[in-house]
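Sharing a structure, written as structure tokens. Questions coming.
The values are calculated or read from the model by the stated rules, or taken from the named source; none is laboratory data. Because the structure is a prediction, the values reported are computed rather than measured. Note that each Cβ is placed from the backbone with ideal geometry, even for glycine, and that neighbours are counted across all protein chains shown.
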């Protein structure tokens, strides 16, 4: 057995949980906690020796999330309604998007968000434009 295989075998019980796809929430939660800790260590340094491990773990977490907790398709008006509720806003709180009556029409699905309005919403909430597209 080569030295690298011997080292891997000696440490495998510590490393394996970081490399295996989670099958349950009990597998998922420690993986996410370990990934958070690893990301604190690696930061934005793509050359860090553990960056590829962080990337692999991120892929495992993303795959689990997509299969177990898929995001439903949401209309732009629904996203706007949710954000307004979350931030305690009413129709008059978004003058950069339009008048109060215009916001009411958007929320009632009588009018669609246009490009200018979507741009204003992305700037206001710091979210990508595709969340408001229909």
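Report, ordered by the first and then the second residue, all pairs with beta carbons closer than 6 Å, sequence separation of six or more or different chains, a first member in the stretch 76-100 that is under 20 Å from residue 116 (Cα atoms), and a second member that is at pLDDT below 95 and exposed (fewer than 12 other Cβ atoms within 10 Å of the Cβ).
100/92
If residue 63 satisfies all but one of (1) free of Cβ contacts under 8 Å to residues at least 40 places away in the same chain; (2) loosely packed, with under 14 Cβ neighbours inside 10 Å; (3) in a helix (DSSP H, G or I), what's the number of the condition it fails?
Of the numbered conditions (1) free of Cβ contacts under 8 Å to residues at least 40 places away in the same chain; (2) loosely packed, with under 14 Cβ neighbours inside 10 Å; (3) in a helix (DSSP H, G or I), the odd one out for residue 63 is (1).
Examine the stretch 35-43 for a residue that is surrounded by 10 or more Cβ atoms within 10 Å (Cβ to Cβ), in contact with a helix residue (DSSP H, G or I) (Cβ under 8 Å, 6 or more places away or on another chain), without any contact (Cβ under 8 Å) to a residue 12 or more places away in the chain and in a helix (DSSP H, G or I), and state whether such a residue exists.
No: zero hits.
Next question. Looking for whichever is surrounded by 16 or more Cβ atoms within 10 Å (Cβ to Cβ) and either outside the structural domain of residue 15 (by TED's automatic domain parsing) or in contact with a strand residue (DSSP E or B) (Cβ under 9 Å, 6 or more places away or on another chain) (or both) here; the options are 121, 53, 127. Which one fits? So that I can check it myself, show each step before the final result.
Values: 53 fails: either outside the structural domain of residue 15 (by TED's automatic domain parsing) or in contact with a strand residue (DSSP E or B) (Cβ under 9 Å, 6 or more places away or on another chain) (or both); 127 fails: surrounded by 16 or more Cβ atoms within 10 Å (Cβ to Cβ).
From the options 121, 53, 127, the qualifying one is 121.
Could you pull out the residue among 62, 66, 96 that is within 25 Å of residue 127 (Cα to Cα) and over 21 Å from the mean Cα position of the chain (by Cα)? Steps first, answer last, please.
On the way: 62 fails: over 21 Å from the mean Cα position of the chain (by Cα); 66 fails: over 21 Å from the mean Cα position of the chain (by Cα).
Among 62, 66, 96, only 96 is within 25 Å of residue 127 (Cα to Cα) and over 21 Å from the mean Cα position of the chain (by Cα).
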